[in-house]
1. Which whole-angstrom value gives the distance between the alpha carbon centres of region 92-132 and region 281-300?
2. So if each residue of separation counts as 0.36 nm, and I subtract the Cα-Cα distance between Ile300 and Ser193, what length gain in nm does that give?
3. For Thr213 and Leu173 in one chain, what is 0.36 nm times their gap in residues minus the Cα-Cα distance, to one decimal in nm?
4. Would you mind listing how long region 177-283 runs along its three principal axes, going by Cα atoms, in whole Å with the largest first?
5. Could you give the size of the charge dipole of region 183-303 about its Cα centre, using +1 on the Cβ of each K and R and -1 on the Cβ of each D and E, expressed in debye and rounded to the nearest 20?
6. Among Glu43, Glu95, Glu159, rank each residue by its count of other Cβ atoms within 10 Å, from fewest to most, as a rough exposure measure.
7. Work out how far the C-alpha atoms of region 97-199 reach from end to end along every principal axis, then list the three figures in whole Å, largest first.
8. For Ile132, enumerate residues with amide H under 5 Å from its amide H, sequence gap 5+ or separate chain, H modeled in the peptide plane.
Amino acid sequence: MPIIELVTLNRGRLGVLCASASLCLACGSDAPTGPPPSTSQIEVRYTSADIPPAVESAVAIAVSRWSRALSKNLGDFPLNLPAGTCAAEVPQINETHHNLLLFVSVLPIDGLGGALAFTGVCGLSTRDTLPILSNIRLDRADLDSMNARGTLQGVIMHEMGHALGFEPGTYVLRGLSGGGASDPFFDGVTARSEFAKHGSWYTGVAVPLENSTSQGPRDPHWRLSVFGDELMVSIVSRGFKSPLSSITLGFFKDIGYDVDFSVADPYEVTPLFPNTRILPEGNLQHDVVTLAPPKFVSPIAAH
Ligand SMILES: [Zn+2]
């Protein structure tokens, strides 16, 4: 079981949450004073000191959940990047880092409503095109609303899904998608198999990606009109539970992670009725953005 680390910059403190005490060498009174080398699947670093407790809590839960669902030894990556490479608020990076380094920021984006969050994947491994450096921005103006309506956890889980590789840089490069703007699909074998188990009524090409934004297979969301309430569709709405389905976990299996399917929530592919009135509390369309094409970094060869 992976060890989960949460590191906060500019606070002078280091929090280490241990999923398994028997594996957590840095826990206990004899822990070294400096940050230990990361051994986790995901290491989160906040870029400012004023992170609301609700965000810290939701991020910790999301890291724990995703780290139980996905595992892979991506390797150790030499990162030497000037400040602002990944996003304006991301500091200089000069270190060798194991697995995914994920920066999380809370800052003004576009006021109340509108966009809730953005995620960018800034670094990919040359070995398997999985993300090794990502950034999540949460809109400070929407935090209270998301928290009050119970959607904050789902939004952070959703964005972390993008940060881990539910984004076109991973699957388009490998030819795991197809279709045009009107009927894009993801055709990884595991996701298709899981979709068939839970959505056998669907007669189109599986697994359908969102087709309402004219991005074709580069829109990294499941099709809302087919999936309804699922973690990786592009809205959150009142009453949505944003379940993490075995289809989404199948996606991650197809792009190269080892997956524990027992972590999935119960889910059947259940479309929204045509006349269902959805009142989106926030839009997650177009929430995968990058300042520049991601950098490809080669892992240091193991000896
Ligand atoms: Zn999204």
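What follows draws every value from the coordinates through simple rules; no lab data is involved. None of these values were measured; they are calculated from a predicted model. Counting neighbours? That spans all protein chains shown, and the Cβs are built from the backbone with ideal geometry, glycine included.
1. Region 92-132 and region 281-300 have Cα centres separated by 7 Å.
2. 35.1 nm
3. Gain in length upon complete extension: 12.4 nm.
4. On the principal axes, region 177-283 reaches 36, 31, 25 Å in Cα extent.
5. Approximately 140 debye in magnitude.
6. Values: Glu43 22, Glu95 15, Glu159 27.
Arranged by neighbour count, lowest to highest, Glu43, Glu95, Glu159 become Glu95, Glu43, Glu159.
7. Each principal axis gives a Cα extent; for region 97-199 these are 40, 38, 25 Å.
8. Gly123, Leu124, Ser125
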